[in-house]
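The structure appears below as structure tokens.
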Amino acid sequence: MKPTVVVLAAGLGTRMKSGLAKALHPLAGRPLVQHVLSAVSTLEPERTVLVLGHQADRVRAAIGDQRTEIVLQAEQLGTGHAVRQAAEAIAAASGPVMVLCADTPLLTAGTLKDLLDLHVRSKAAVTLLTARIENPFGYGRVVRGKTGVMRVVEEKDASAAQKKITEVNAGIYCFDRKFLVAALGLIGKSNAQGEYYLPDTIGLARKQKRSVAALLCNDPNEILGVNSREDLSRAEAVMRGRINRQWMLDGVTMLDPGTVFIGTEVVLGRDTVLYPNVSIEGKTRIGEACTIHSGARIRSSVIAAQVVIKDCSMIEDSDIGRGASIGPFAHLRPGSVIGEHARIGNFVEVKKSTIGEGSKANHLAYIGDATVGRDVNIGAGVITCNYDGFEKHRTVIGDNVFVGSDAQLVAPVTIGRGALIAAGATITRDVPADALAITRVPQDIREGFAGRRRRMKQKK
Ligand code: UD1
Ligand code: CA
């Protein structure tokens, strides 16, 4: 049975002490709300309604998913009040209504499905997800009686005895549609926070002699609610553990998985080795048998097989061919396309440039807005002067060109294939194929000058 899903994300998240709405805080590189929405999408809901309030426009832009409907909760009067904002979708639902909080990002699709299955089987008015946790502080406590769950009591309303209960409410529920519609109209706000509490629907169901079912989640991590930065760091650690474990199962070596950060949308090839302190972000794809050394940060890039990324290199929106070697301390800025077996060495910056197969820029160079052919040698200290203070211009370097050390190529300029650029040259005009371009002042030798000067200074 397809559920109608309501996700609550209107709160600012006061305990985060942030200018950014809680739903937008990133976890493993994706906004919190996105994690919940992607778990929800596996249920193929009839409709998904997201309740927004604080920074609604920014949240809307961040999710960018047309299928998620958005309703606004102008004033945050509690989780019960938030669900009421989705009244239209709830009234129209043909199946059960599932309600989730946007701040439980570790929830898995499997648990959501189990909750829905239990709800359908038990025919309960409401089925809630619970877990037993060591430190239940802050969560609503699940009060059980002889016949099962009786109600949920919030931390601030709990008695000393209730505070000792370690079974907590995950904030994730499945409702019988009719029951929910009626219950939302009945819950009040006479509690410690003066809010309409959604969990009050559970006590209400019991009062109405309706059945309440509960699914106890075995992994307490799954229900972790992110309310503070500390919770966020915990969630990050759990998420990182899950992601890294899966990649290791799939054949990736990690020397120190506790320090490796891999985004949820990253794809890695078998036999790739990740050294400590590596971050791989965005929609990066890395091929088989690559080695990524410490301190590398790779964002939204495509890296073929057998590539070596040496220490402390930063790679963004770039494409690297098979067998290439990058770094140490290299910076590939957006739009860099590095050919097979090419080498980009230390302190080399590449931007919006194509480097052909087998070409090398091993030391201290800037290659911006350039097209570099195959088997080109870019010497130490070479700079493409791509900016004239107003506009960017291109440099084109043909195959087999040798650019001597410390040359400056003032763009726009084209170097023909096989040409030789002498060390220290300032190239301002095109160089034909196979030519030598040299812009050197002739060397002047003054025999004995240095010795005479030294003696003169010593006399004084
Ligand atoms: C809530 C539950 C608690 C449960 C815990 C699990 C209530 C009253 N309490 O507490 O039983 O153990 O989650 O994590 O529901 N929101 C709105 N509009 C509002 C208020 C909240 O959209 O007016 C949203 C928030 O943005 C958030 C979610 O609802 O995503 C939960 O709100 P939060 O304030 O974090 O509730 P908790 O105190 O964690
Ligand atoms: Ca919460």
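Can you say whether V226 is assigned to a strand (DSSP E or B) and either at pLDDT below 95 or crowded, with 22+ Cβ neighbours inside 10 Å (or both), as far as the supplied structure shows?
No; evaluated as a whole, the condition is false for this residue.
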Exception for G203 within (1) in contact with a helix residue (DSSP H, G or I) (Cβ under 8 Å, 6 or more places away or on another chain); (2) away from ligand 2 (no atom under 16 Å from the Cβ); (3) in contact (Cβ under 8 Å) with a residue 40 or more places away in the chain falls at (1)
Only one of (1) of a type in the set (G, A, S); (2) touching a residue at least 60 places away in the same chain (Cβ under 8 Å); (3) out of contact with any Gly (no Cβ under 6 Å at 6 or more places or on another chain); (4) away from ligand 2 (no atom under 16 Å from the Cβ) does not apply to A9, and that is (4)
Margin query: Whether any residue in region 190-209 is farther than 28 Å from T48 by Cβ, charged (D, E, K, R), modelled with pLDDT of 95 or more and part of a strand (DSSP E or B) is what I want to check.
Written below: no
Has region 55-67 got at least one residue that is without any contact (Cβ under 8 Å) to a residue 12 or more places away in the chain, part of a loop (DSSP other than H, G, I, E, B) and surrounded by fewer than 22 Cβ atoms within 10 Å (Cβ to Cβ)? yes
_Tell me whether region 46-64 contains one or more residues that are more than 12 Å from ligand 1 (Cβ to nearest atom), within 26 Å of G194 (Cβ to Cβ) and of a type outside the set (D, E)._
no
Determine if region 301-318 includes at least one residue that is surrounded by fewer than 18 Cβ atoms within 10 Å (Cβ to Cβ), more than 29 Å from T428 (Cα to Cα) and charged (D, E, K, R). yes
Of the residues in region 186-230, those that are of a type in the set (A, V, I, L, M), within 22 Å of A39 (Cβ to Cβ) and more than 9 Å from ligand 1 (Cβ to nearest atom) number 4
For V83, the lone unmet condition from (1) closer than 15 Å to T48 by Cα; (2) more than 16 Å from ligand 2 (Cβ to nearest atom) is (2)
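Conditions (1) within 16 Å of ligand 2 (Cβ to nearest atom); (2) among the polar types (S, T, N, Q); (3) surrounded by 17 or more Cβ atoms within 10 Å (Cβ to Cβ), marked per residue:
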{"site": "T127", "(1), (2), (3)": "no, yes, yes"}
{"site": "N135", "(1), (2), (3)": "yes, yes, no"}
{"site": "G138", "(1), (2), (3)": "yes, no, no"}
{"site": "R141", "(1), (2), (3)": "yes, no, yes"}
{"site": "V149", "(1), (2), (3)": "no, no, yes"}
{"site": "A160", "(1), (2), (3)": "no, no, no"}
{"site": "D176", "(1), (2), (3)": "no, no, yes"}
| field | Flag if P96 is within 30 Å of G258 (Cβ to Cβ) and crowded, with 23+ Cβ neighbours inside 10 Å | value | no
Condition set out of contact with any Lys or Arg (no Cβ under 6 Å at 6 or more places or on another chain), within 19 Å of Y197 (Cβ to Cβ) and not aliphatic (A, V, I, L, M), scope region 162-174, selection surrounded by the fewest Cβ atoms within 10 Å (Cβ to Cβ): answer is K163
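When you scan region 345-449 for strands (runs of 3 or more DSSP E) that lie fully inside it, which ones turn up with 1 or more residues that are without any contact (Cβ under 8 Å) to a residue 40 or more places away in the chain and of a type in the set (F, W, Y)?
360-368
The values are calculated or read from the model by the stated rules, or taken from the named source; none is laboratory data. Because the structure is predicted, anything quoted here is derived from the model rather than measured. Virtual Cβ from ideal backbone geometry, glycine too; neighbours counted across all protein chains shown.
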